[in-house]
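The next block holds one structure in the form of structure tokens; read it before the comments.
Every read-out reported here was derived from the displayed coordinates using simple, explicitly stated rules and does not represent laboratory data. Source: prediction; values computed, not measured. Quick reminder, even Gly has a Cβ in these numbers, built from the backbone with ideal geometry, and neighbours come from all protein chains shown.
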Amino acid sequence: MTAYRSEFRRSIEQPEAFWAEQARRLPWFTPPQTVLRHDDQGHARWYEDGELNLCHAALDHHVEQGRGDQPAVHWDSPVTGGKRTLSFREMRDEVARFAGALRGLGVEKGDRVIIYMPMVPEALVAMYACARLGAVHSVVFGGFAPHELAMRIEDAEPRVVVAASCGIEVDRVLPYKPIVDEAIAQSAYRPEACVVLQRAQHRAELGAIDHDWADLVARAAPAECVPVKATDPLYVLYTSGTTGKPKGVVRDTGGYGVALHYSMEVVYDMAPGEVFFSASDVGWVVGHSYIVYAPLLRGCTTVVYEGKPVRTPDAGAFWRLIAEYRVKSFFTAPTAFRAIKKEDPEGLRLAEHDISCLKALFLAGERLDPPTFHWLEDLLTVPVVDHWWQTETGWPIAANLQGLEPMPTKAGSATVPVPGFDVQVLNREGQPAPALEQGSVVIKQPLPPGCLAGIWRDPQRFHSAYMAAFPGYYLTGDGGYFDEDGYLFIMGRTDDVINVAGHRLSTGEMEEVVGAHPAVAECAVIGIHDALKGQVPVGLVIPKDGFDGDELALENELIARVRERIGPIACFKQVLVVDRLPKTRSGKILRKLLRNIADGQAFGIPSTIDDPASLEDVHEAMKNREVGDAHQARRV
Ligand code: COA
Ligand code: AMP
């Protein structure tokens with residue numbers, strides 16, 4: 001681990017020198033003199049007197065350097081039959097024109113723009129156009145319902161919303177415009193305009209504030225890049241926290257650009273001109289960082305895939321894309337490979353494609369479970385890299401660094417902390433946990449460049465959610481441990497966040513929706529193990545006294561309610577009506593115990609329980625209704 005150790009040590013012991021060096025890799029308008037400053041709260045502010053523009057660094061700069069004809073984006077859409085390649089020059093020109101169109105609608109530096117689009121090149125164009133103007137984009141994933149979009153509109157107060165007329169899920173066309181209209185109607189804040197990309201599969205009806213993307217662009221003059229401060233926000237990305245209100249993670253510009261560029265080299269081993277494919281969605285952080293910004297900043301080509309790992313048309317889709325676009329590094333979520341493995345357990349589809357171009361496979365979004373890891377290792381001849389990160393950090397916290405010093409892998413481990421991240425495991429008392437002992441995984445301040453700069457308009461929440469638990473440390477919300485070799489094992493969230501098919505969701509938010517039903521007295525939503533999606537939510541509900549309706553009808557109503565309020569992506573499909581819930585004497589629902597039972601584990605009756613029989617009741621109910629593996633759970 002020599003190269004790794006020395007690089008890591010330098011990043012922690014001399015962060016300013018280390019990150020000053022990395023910053024020189026970006027084309028700044030004004031190079032930063034001050035590398036790191038701590039604000040009044042002790043949070044790191046990187047490169048605050050530097051000025052740049054990330055659209056310039058990712059597009060114009062490469063055109064100026066002679067990369068104009070190189071493909072910047074390969075779009076591949078089996079759901080529409082569409083394919084399109086845009087060179088760096090074409091991307092720059094489209095982005096400049098769309099930026100001009102946005103400016104024509106009044107969008108200026110600092111204004112927010114909400115983007116609600118599927119995986120089409122125009123989603124990237126819209127994001128870069130905002131970056132070009134110094135406007136702040138906030139992309140909302142298409143699987144979210146109007147209410148979720150409305151909450152984000154109210155919080156971000158966008159001047160303009162940019163949407164597509166529809167998304168396509170395998171073979172279903174999903175009109176997006178009614179979702180946007182409904183969200184705007186629900187929101188107390190009203191954007192001034194909505195730009196709609198009309199897709200051939202479904203054209204949207206346009207209303208008073210709506211503009212057709214194509215018409216607008218046809219009339220627009222190209223806009224130049226607006227210099228912004230390194231600490232100016234590039235985007236706000238909402239993510240699930242422990243309450244019903246999502247957290248608007250604010251990303252700065254300069255630190256993010258530097259961190260992404262560095263990661264492309266040391267984590268992903270990517271050189272300019274090579275092809276990177278991240279099969280995520282622009283609505284998630286993986287999409288922001290490794291579909292949109294990082295590949296182009298590094299002068300690489302990015303693959304934008306509008307399809308699924310299976311069913312579009314089959315389990316060989318990823319292999320086909322890797323072969324067709326000569327992908328060097330591929331990144332997706334473990335759940336995608338569990339879906340592939342289910343349909344093609346022998347991996348026979350792989351033989352149909354020449355993937356000799358592939359040098360490494362990266363997985364994140366949830367823990368890479370050992371069975372999936374071994375299946376991939378047996379199938380492929382390239383390193384299978386589990387790496388750990390979160391919306392807040394924006395880039396990997398722990399990885400097997402393919403561009404610095406590849407290390408032997410260990411199943412279930414994300415390998416070692418990435419330079420810049422002083423990862424530690426603390427016990428309940430805030431003391432360092434010894435090797436192999438599980439605790440709270442934290443990062444010692446300062447966080448490296450690229451990590452969240454705050455929560456949009458909520459400094460108090462930033463502090464209370466991440467900084468208050470262990471002063472001087474950032475709380476990741478994950479539990480885990482280091483082994484004796486310094487390998488990090490991330491074992492799961494320690495809060496109410498669950499991970500469903502690589503998507504982060506809040507059980508607290510689902511509880512708020514379920515609990516608001518007039519017939520519900522009390523409820524708990526827990527995340528239970530699922531062989532395909534990693535986790536799925538299950539609701540346990542106590543009806544109000546006197547409820548004499550149909551229990552099945554109530555369950556179905558609650559399922560429909562969560563789908564309507566949060567969206568199909570919540571995968572909330574199981575509700576169980578129970579008479580009581582196991583609680584401590586102080587009234588706290590024993591959620592962890594409920595989860596263990598649903599997952600089929602042996603369980604004991606804790607001494608703090610108020611009504612021991614309630615646990616047996618819930619266990620019986622889960623067994624009868626075939627919730628998870630509850631039938632295997634037994635009382636000890
Ligand atoms: N717009 C609208 N609806 C969407 C959507 C979108 N962009 N994405 C998903 N949905 C809907 C789906 O149609 C589905 O609806 P349904 O309940 O009516 O069937 C629901 O949300 C759940 O979707 P999903 O979790 O994707 O389930 P699936 O069964 O369709 O597919 C997988 C399962 C594993 C193939 C899929 O989840 C997958 O590809 N996961 C990888 C995730 C990933 O890349 N995450 C990024 C983090 S790195
Ligand atoms: P998100 O913010 O949506 O990227 O989700 C972040 C959360 O996903 C983390 O806090 C972890 O709980 C989980 N996660 C992501 N990648 C991994 C990984 N490689 N191993 C374990 N958990 C992961």
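The ratio of the alpha-carbon radius of gyration of the range 497-632 to the globular-protein estimate 2.2 N^0.38 Å is 0.99.
Bridging of residue 328 to lysines at a Cα separation below 26 Å is possible for 83, 308, 341, 342, 359, 410, once same-chain residues fewer than 8 apart are set aside.
Would you kindly give the portion of the calculated P(r) for the range 350-422 that falls above 16 Å, as a percent of all Cα pairs? When every Cα pair of the range 350-422 is considered, 50 percent fall beyond 16 Å. Between the range 24-76 and the range 492-530, the alpha-carbon centres lie 38 Å apart. With helices as the sole contributors, the chain gives -8000 deg cm²/dmol at 222 nm; each DSSP H run of n ≥ 4 counts as -39500 (n - 2.57), and the sum is divided by every residue.
Full extension of the chain between residue 542 and residue 65 yields a length gain of 165.3 nm, computed as 0.36 nm times the residue separation minus the alpha carbon distance.
What longest region of the chain stays clear of GluC sites (Glu not before Pro) that DSSP places outside H, G, I, E and B and that have at most 11 other Cβ atoms within 10 Å? It runs 1-204. Just to confirm a number: summing +1 for Lys and Arg and -1 for Asp and Glu over residues other than residue 31 whose beta-carbon lies under 10 angstrom from that of residue 31, what do you get? Net of charged neighbours comes to -1.
Pairs of lysines in the range 492-636 whose Cα atoms sit within less than 18 Å of one another amount to 5, provided the residues are eight or more positions apart or on different chains. A full extension of the chain between residue 80 and residue 431 corresponds to an added length of 120.9 nm, given 0.36 nm per residue minus the alpha carbon distance. Note on the range 544-621: semi-axes of the ellipsoid equivalent to its C-alpha gyration tensor, largest first and rounded to whole Å, are 26, 16, 12.
Other residues lying with their Cβ under 11 Å from the Cβ of residue 411 contribute a combined charge of -1, Lys and Arg counting +1, Asp and Glu -1. Taking 0.36 nm per residue of separation and subtracting the Cα-Cα distance, full extension of the segment from residue 218 to residue 34 would add 62.0 nm.
Along the axis of the charge dipole computed for the chain (Cβ charges of +1 for Lys and Arg, -1 for Asp and Glu, origin at the Cα centre), the listed residues 447, 129, 17 are led at the positive end by 17. Backbone N atoms of the range 203-234 closer than 15 Å to the 7 Å Cα→Cβ label point of residue 190 belong to residues 207-210. What's the FRET efficiency of residue 620 with residue 243 using the Cβ-Cβ distance as r and R₀ = 30 Å, to the nearest 0.05? In this case the efficiency is close to 0.40. Between residue 17 and residue 202, the distance separating the two model label sites (each 7 Å from Cα on the Cα→Cβ line) works out to 5.8 nm.
Within the chain, the percentage of alpha carbon pairs spaced more than 42 angstrom apart rounds to 22%. Taking other residues whose beta carbon is less than 14 angstrom from the beta carbon of residue 620, and scoring Lys, Arg as +1 and Asp, Glu as -1, yields +1.
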